[in-house]
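For reference, the structure discussed in these notes is given below.
The values are calculated or read from the model by the stated rules, or taken from the named source; none is laboratory data. Only a predicted model underlies this, so the values are computations on that prediction, with no experimental measurement involved. Ideal geometry is used to build each Cβ from the backbone, glycine not excepted, and the neighbour counts take in all protein chains shown. Side chains included, ligands, DNA and RNA excluded: accessible areas come from the protein's heavy atoms. Shrake-Rupley method; radii C 1.70, N 1.55, O 1.52, S 1.80 Å.
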Amino acid sequence: MSHLLFSSSSVLAGYWRDALGEAHRCEHLPEPPQERDATLWLDLASLNAAERNADWPRLCQCYRVVALSSAPNDAEGMRWLQLGAAGYAHAYAGADELRQIAASVDAGGTWLGRSLLLQLCRRFGALVPPDEHADWRERVSSREAEVIAILKQGRSNKEIARELDITERTVKAHLTAIFQKFGVEDRLQLLLKLTEPTH
């Protein structure tokens with residue numbers, strides 16, 4: 001997987017390169033490739049007016065776009081996800097986090113900040129049928145159903161643990177078991193799966 005770094009700041013591009021390893025800096029938005037084999041790390045502060053109005057849905061189909069902001073906020077993150085970006089994060093995230101983002105996006109996943117993730121969980125959680133009427137209820141234990149019920153509210157692992165009077169480690173164990181049962185990687189994928197109609 002190749003990494004293209006779009007930033008007018010050589011310092012920021014150098015920081016990203018140090019974190020990601022082999023990467024190429026581009027000073028102009030690259031032309032869309034034939035295959036989606038590259039991740040475009042996009043410094044939102046570097047976009048000029050024309051670049052802001054580029055055909056981002058098309059570019060996001062051609063590249064795995066990770067939109068990076070020096071002042072991230074949920075509204076901006078949601079906008080970029082709606083445009084098709086594979087990730088949204090702080091432009092100055094730590095090197096370990098940048099590598100995690102790269103691994104997630106390269107594997108076909110989506111990277112979101114914590115507050116945006118919980119907001120999306122609340123939105124999709126509201127669409128999940130009540131467990132007493134849902135086919136998915138038969139696939140989980142009663143404790144796992146309690147975890148899902150709180151997860152649907154967009155709550156964090158810490159909040160779930162507090163609500164159920166268990167440790168965060170136990171919450172993580174329940175979530176891992178639930179994810180395996182439904183063949184998903186994370187809480188957002190789980191909630192999306194639970195909103196799917198059964199036939």
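Quickly run through the stretch 28-53 and pick out the residues that are open to solvent by less than 20 Å² (accessible area, probe 1.4 Å) and either without any contact (Cβ under 8 Å) to a residue 40 or more places away in the chain or hydrophobic (A, V, I, L, M, F, W, C) (or both).
Ala38, Leu40, Trp41, Leu42, Leu44, Leu47
Which residues, taken from the stretch 80-105, are in a helix (DSSP H, G or I) and within 13 Å of the chain's Cα centre (by Cα)?
Trp80, Leu81, Gln82, Glu97, Leu98, Gln100, Ile101, Ala102, Ala103, Ser104, Val105
Within the stretch 9-27, which residues are farther than 18 Å from Glu51 by Cβ, open to solvent by 80 Å² or more (accessible area, probe 1.4 Å) and in a loop (DSSP other than H, G, I, E, B)?
Within the stretch 9-27, Glu22 is the sole residue that qualifies.
Inside the stretch 161-182, can you point out the residues that are open to solvent by 70 Å² or more (accessible area, probe 1.4 Å) and not in a helix (DSSP H, G or I)?
Asp165, Thr167
Which of (1) in contact with an Asp or Glu (Cβ under 7 Å, 6 or more places away or on another chain); (2) over 20 Å from Ala38 (Cβ atoms); (3) open to solvent by less than 60 Å² (accessible area, probe 1.4 Å) does Gly109 not meet, given it meets every other one?
(2)
Of all residues in the stretch 131-149 being out of contact with any helix residue (DSSP H, G or I) (no Cβ under 9 Å at 6 or more places or on another chain) and not acidic (Asp, Glu), which is modelled with the highest pLDDT?
So, considering only residues that are out of contact with any helix residue (DSSP H, G or I) (no Cβ under 9 Å at 6 or more places or on another chain) and not acidic (Asp, Glu), the one modelled with the highest pLDDT is Ser142.
Please indicate, with yes or no, whether at least one residue in the stretch 107-115 is part of a helix (DSSP H, G or I) and either touching a Leu at 6+ places or on another chain (Cβ under 7 Å) or farther than 22 Å from Gln189 by Cβ (or both).
No, because not a single residue in the stretch 107-115 is part of a helix (DSSP H, G or I) and either touching a Leu at 6+ places or on another chain (Cβ under 7 Å) or farther than 22 Å from Gln189 by Cβ (or both).
Take Ala145 and tell me if it is in contact (Cβ under 8 Å) with a residue 24 or more places away in the chain, surrounded by fewer than 20 Cβ atoms within 10 Å (Cβ to Cβ) and of a type outside the set (S, T, N, Q).
no
Go through (1) at pLDDT 85 or above; (2) open to solvent by 60 Å² or more (accessible area, probe 1.4 Å) one by one and return the number of the condition Arg114 breaks.
It fails just one condition, (1).
Which of the residues spanning the stretch 117-160 are part of a helix (DSSP H, G or I), hydrophobic (A, V, I, L, M, F, W, C), farther than 27 Å from Pro72 by Cα and over 20 Å from the mean Cα position of the chain (by Cα)?
Within the stretch 117-160, Trp136, Ala145, Val147, Ala149 qualify.
Which of the residues belonging to the stretch 51-79 are assigned to a helix (DSSP H, G or I), of a type outside the set (Asp, Glu) and more than 19 Å from Ser9 (Cβ to Cβ)?
Selection gives Trp56, Pro57, Arg58, Leu59, Cys60, Gln61, Cys62, Ala75, Gly77, Met78, Arg79.
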